[in-house]
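The values are calculated or read from the model by the stated rules, or taken from the named source; none is laboratory data. Keep in mind the model is a prediction, meaning the values are calculated, not measured. Note that we place each Cβ from the backbone using ideal geometry, even for glycine, and neighbour counts take in every protein chain shown.
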Amino acid sequence: MNTLVLRVIALAFLLPPLLCKASSPSGGPGDVFLAGGSLGTCSELAPSACLAPMPGRPDARSAARFVFDREGVARALSPRLWTAEGAPDVAEIEAVLGHVQPRAGGRALSAREASALLEAVCVATSRGGLRAHRCPAGDARAPWHRMLSDERSALLAVFEQAQFDGGMRRVERAEPANSRAVGGTRVLQAFVEAARTRSGRERPRIAYVTASAWDVFEPVDFYQSTFDALGAEAMWWPIDAAMNAALSGEARCEELDALREQELGLPGRGRIYPDLVEAQARACASPEALAGLPLAWMAFSSPAATSGGCGGHWSMGTTGQTPGWSPCERRMRAVWWSAGPARVPRCSPAARC
């Protein structure tokens, strides 16, 4: 998982008059908000970004922990996760995990601890097949070092432990007004205020899209809480490459779990975010409901440190509900629904990248 997406806000905001003048209800000039760099925002998962400690909550989400259990090993061996050119094959992954699992001893590990175990395992061919053995951390022969960052994230994700309190998923809360660095909060405040002015609503409707994050579900709580705290009526638009495949190809919405693995390399999110997975399934079943939302502004999040991101780097909004999509809006919608992490060229051990 790439939790940095929760911490670094790199948002670009555009209004439809700028991109789709023909269909703009107002016909007025467009506004552009750009925010990038390291605009840290205070949240429960980023205490160092806070001026003062946030109050403790029993249902607060904590940093992810990972357990190398048998169920996770079975999930890790899904062939859909290892289809990229140059990726380790399933047999290598099985050998690595067979070496790591007993050494982890069922402990709940941090991402750093789990990664340290995985990166120190090499696989060699022996007379009886593949044999895993310990090797120095950083050894280029280790399958871990041949993986894309998305593949590493996927391998960790299958072992991530769900976080629930009384049957409810624990969520992250943000406190933008408590941020140590005020730049990011000021940009977001200006964005919400501009949406308020443009829409004429005290609580402007703002939809946010997380399609450019590797794990499209992980940033949802953060952005929901941030926009709520700033006085907006926020909602998540659950569009990503998997949903695009379900709506535009031969696949169906019932296959979203498999499509997340196939299109995003994103396994087992229903265990971790069952409510958000269900929300995406409902949206997939009724895409016309998303298309007709009377939103004031649209915000696309863009993580600053992931291996990809093809789209989701700007925002678009409408000032009122429209009966249909203009040609421009249809093109923009196609971009939204195809947005997702881009596969970057794999570096060979001898290459300098």
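For the range 44-68, how many residues are among the small types (Gly, Ala, Ser), modelled with pLDDT of 95 or more and assigned to a strand (DSSP E or B)?
The qualifying residues number 1.
What residue, among those in the range 219-242 that are of a type in the set (Asp, Glu) and at pLDDT below 95, is farthest from Arg152 (Cα to Cα)? Steps first, answer last, please.
Applying the first criterion (of a type in the set (Asp, Glu)) to the range 219-242 yields 221, 228, 233, 240.
Okay, now just the ones that are also at pLDDT below 95, so 233, 240.
On the way: Glu233: 35, Asp240: 20 Å.
Restricting to residues being of a type in the set (Asp, Glu) and at pLDDT below 95, the top hit is Glu233.
Within the range 85-110, track down each residue that is of a type in the set (Gly, Ala, Ser) and in contact with a helix residue (DSSP H, G or I) (Cβ under 7 Å, 6 or more places away or on another chain).
So the first thing to find is which residues in the range 85-110 are of a type in the set (Gly, Ala, Ser), and the list is 86-87, 91, 95, 98, 104-106, 108, 110.
Result: Gly86, Ala87, Ala104.
How about the range 120-157: which of its residues are of a type in the set (Ser, Thr, Tyr) and either in a strand (DSSP E or B) or surrounded by 16 or more Cβ atoms within 10 Å (Cβ to Cβ) (or both)?
Initial filter on the range 120-157 (of a type in the set (Ser, Thr, Tyr)): 125-126, 149, 153.
Answer for the range 120-157, where residues must be of a type in the set (Ser, Thr, Tyr) and either in a strand (DSSP E or B) or surrounded by 16 or more Cβ atoms within 10 Å (Cβ to Cβ) (or both): Thr125, Ser126, Ser153.
Out of all the residues in the range 90-119, which are outside any helix (DSSP H, G or I) and surrounded by fewer than 13 Cβ atoms within 10 Å (Cβ to Cβ)? Steps first, answer last, please.
Taking the range 90-119 as the starting set, the residues that turn out to be outside any helix (DSSP H, G or I) are 105-110.
Once the filter is applied, which keeps residues that are outside any helix (DSSP H, G or I) and surrounded by fewer than 13 Cβ atoms within 10 Å (Cβ to Cβ), the range 90-119 yields Gly105, Gly106, Arg107, Ser110.
Mind checking which residues of the range 125-141 are at pLDDT below 95 and either aliphatic (A, V, I, L, M) or closer than 30 Å to Phe222 by Cα (or both)?
Across the range 125-141, the qualifying residues are Leu130, Ala137, Ala140.
Residue under question is Arg112, and the condition is that it be free of Cβ contacts under 8 Å to residues at least 12 places away in the same chain and among the charged types (D, E, K, R); does it hold? Break it down into steps so the answer makes sense when it comes.
Working: free of Cβ contacts under 8 Å to residues at least 12 places away in the same chain: yes; among the charged types (D, E, K, R): yes.
So Arg112 passes the test.
Which condition does Val171 not pass, out of (1) out of contact with any helix residue (DSSP H, G or I) (no Cβ under 8 Å at 6 or more places or on another chain); (2) under 30 Å from Leu290 (Cα atoms), if it passes all the others?
(1)
Is it true that some residue in the range 219-241 is in contact (Cβ under 8 Å) with a residue 60 or more places away in the chain, more than 20 Å from Thr83 (Cα to Cα), out of contact with any helix residue (DSSP H, G or I) (no Cβ under 8 Å at 6 or more places or on another chain) and surrounded by 22 or more Cβ atoms within 10 Å (Cβ to Cβ)?
Within the range 219-241, one or more residues are in contact (Cβ under 8 Å) with a residue 60 or more places away in the chain, more than 20 Å from Thr83 (Cα to Cα), out of contact with any helix residue (DSSP H, G or I) (no Cβ under 8 Å at 6 or more places or on another chain) and surrounded by 22 or more Cβ atoms within 10 Å (Cβ to Cβ).
Can you name the residue in the range 69-89 that is among the aliphatic types (A, V, I, L, M) and assigned to a helix (DSSP H, G or I) and is also farthest from Pro143 (Cα to Cα) among such residues? Give the steps one after another, and end with the answer.
Here is the first cut: in the range 69-89, the residues among the aliphatic types (A, V, I, L, M) are 73-74, 76-77, 81, 84, 87.
Next, from what is left, pick out any that are assigned to a helix (DSSP H, G or I): 73-74, 76, 81.
Working: Val73: 16, Ala74: 18, Ala76: 14, Leu81: 14 Å.
Top of the filtered list is Ala74.
Looking at Ala194, is it touching a helix residue (DSSP H, G or I) at 6+ places or on another chain (Cβ under 9 Å) and part of a helix (DSSP H, G or I)? Step through it out loud before you land on a result.
On the way: touching a helix residue (DSSP H, G or I) at 6+ places or on another chain (Cβ under 9 Å): no; part of a helix (DSSP H, G or I): yes.
It is false that Ala194 is touching a helix residue (DSSP H, G or I) at 6+ places or on another chain (Cβ under 9 Å) and part of a helix (DSSP H, G or I).
Just wondering, is there one or more residues in the range 164-182 that are more than 25 Å from Ser110 (Cβ to Cβ), aliphatic (A, V, I, L, M) and modelled with pLDDT of 95 or more?
Looking through the range 164-182, at least one residue is more than 25 Å from Ser110 (Cβ to Cβ), aliphatic (A, V, I, L, M) and modelled with pLDDT of 95 or more.
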